[in-house]
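Encoded as structure tokens, the structure appears first; notes follow it.
The values are calculated or read from the model by the stated rules, or taken from the named source; none is laboratory data. All values reported here derive from a predicted model rather than from experimental measurement. Backbone-built Cβ (ideal geometry, glycine too); neighbour counts: all protein chains shown. With ligands, DNA and RNA removed, areas are computed over all heavy atoms of the protein, side chains included. Shrake-Rupley method; radii C 1.70, N 1.55, O 1.52, S 1.80 Å.
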Amino acid sequence: MTEVIRRIVDSEFSGSITTYTMADARFQKEFLETHNAYRAKHGAPQITFNSEMCASAQKWADHLLSINGLQHSETKDGENIHYKSSSAGSNPTGKEAVDSWYSEIKDYNWSRPGFNGNTGHFTQVVWKESSELGVGVATDGNTVFVVGQYRPAGNMMNPGYFEANVLQAGREEGGAGSPSSGGASPKKTCTLL
């Protein structure tokens, strides 16, 4: 069960209760394992949790819930945001968020590797050079925000970066045009769900 912290908002207009849900050990484990299963399919090394990044992702998830809106933080790390709302309520899982991001693989153009607003979550999940991960979850019981933060950030637009970091399932790194060959500094691009 997810750890829940309740804050009562005192107001002369309403006595509403806002629930902030933090990613507990089970959610984090599932989130990390799902990332690493997908990354393994694409020849990317395992990613590990970074507690400072988890705190940052949690802070941003709480903020998104408080404004009930989607926007990226000002982190220099990569960032994926999962949003779900239902009047029936929702109990998010770590796998659900990562699966939604990875499902964008169906739109990735392997013959023309590069950034696309419809596939940016997928490419960040499997980005080979990303080695650290943070996660935060916030919900009021009906609306859920899951924030994943990645270091180093993926979706770098320099020539050869996508070929070297977003590998087809079962394939090895593309080789030529690798980011390690030098060149201009990386450009960061982000996408909202």
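Among the residues of the stretch 92-151 satisfying the criterion of being among the polar types (S, T, N, Q) and not in a loop (DSSP other than H, G, I, E, B), which is most open to solvent (accessible area, probe 1.4 Å)? If you could, list the steps in order and put the result at the bottom.
Pass one, the stretch 92-151, residues among the polar types (S, T, N, Q): 93, 100, 103, 109, 111, 116, 118-119, 123-124, 130-131, 139, 142-143, 149.
Subset that is not in a loop (DSSP other than H, G, I, E, B): 100, 103, 123-124, 139, 143, 149.
Details: 100: 31, 103: 55, 123: 1, 124: 4, 139: 10, 143: 13, 149: 1 Å².
If we take residues in the stretch 92-151 being among the polar types (S, T, N, Q) and not in a loop (DSSP other than H, G, I, E, B), then 103 is most open to solvent (accessible area, probe 1.4 Å).
Confirm whether residue 134 is modelled with pLDDT of 95 or more and among the small types (Gly, Ala, Ser).
yes
Yes/no per residue for (1) buried (at least 17 other Cβ atoms within 10 Å of the Cβ); (2) over 23 Å from residue 161 (Cβ atoms); (3) at pLDDT below 90:
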residue: 3; (1), (2), (3): no, yes, yes
residue: 12; (1), (2), (3): no, yes, yes
residue: 76; (1), (2), (3): no, no, no
residue: 81; (1), (2), (3): yes, no, no
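Output yes when any residue across the stretch 155-172 is aliphatic (A, V, I, L, M), touching a strand residue (DSSP E or B) at 6+ places or on another chain (Cβ under 8 Å), surrounded by 21 or more Cβ atoms within 10 Å (Cβ to Cβ) and within 18 Å of residue 49 (Cβ to Cβ), and no when none is.
no
In the list 114, 120, 136, which residue meets the criterion of being out of contact with any Cys (no Cβ under 6 Å at 6 or more places or on another chain) and at positive phi?
Being out of contact with any Cys (no Cβ under 6 Å at 6 or more places or on another chain) and at positive phi holds for just one of 114, 120, 136, which is 114.
Which numbered condition in (1) outside any strand (DSSP E or B); (2) at pLDDT 90 or above; (3) more than 20 Å from residue 132 (Cβ to Cβ); (4) of a type in the set (Phe, Trp, Tyr) is the only one that residue 38 fails?
Every listed condition holds for residue 38 apart from (3).
Using the structure shown, decide if residue 181 is at pLDDT below 95 and small (Gly, Ala, Ser). Steps first, answer last, please.
Values: at pLDDT below 95: yes; small (Gly, Ala, Ser): yes.
Judged against the criteria, residue 181 is a match.
Of the conditions (1) touching a Leu at 6+ places or on another chain (Cβ under 9 Å); (2) surrounded by 13 or more Cβ atoms within 10 Å (Cβ to Cβ); (3) modelled with pLDDT of 95 or more, residue 48 fails just one. Which one is it?
Tallying (1) touching a Leu at 6+ places or on another chain (Cβ under 9 Å); (2) surrounded by 13 or more Cβ atoms within 10 Å (Cβ to Cβ); (3) modelled with pLDDT of 95 or more, residue 48 fails exactly one: (2).
Which of the following residues is under 13 Å from the mean Cα position of the chain (by Cα) and farther than 18 Å from residue 37 by Cα: 81, 67?
Exactly one of 81, 67 is under 13 Å from the mean Cα position of the chain (by Cα) and farther than 18 Å from residue 37 by Cα, namely 81.
Hey, can you tell me all the residues within the stretch 58-92 that are without any contact (Cβ under 8 Å) to a residue 24 or more places away in the chain and among the aromatic types (Phe, Trp, Tyr)?
Hits for the stretch 58-92: nothing passes.
Just to be sure I understand, how many residues within the stretch 84-131 are at pLDDT 95 or above and within 11 Å of the chain's Cα centre (by Cα)?
Summing the residues that are at pLDDT 95 or above and within 11 Å of the chain's Cα centre (by Cα) in the stretch 84-131 gives 13.
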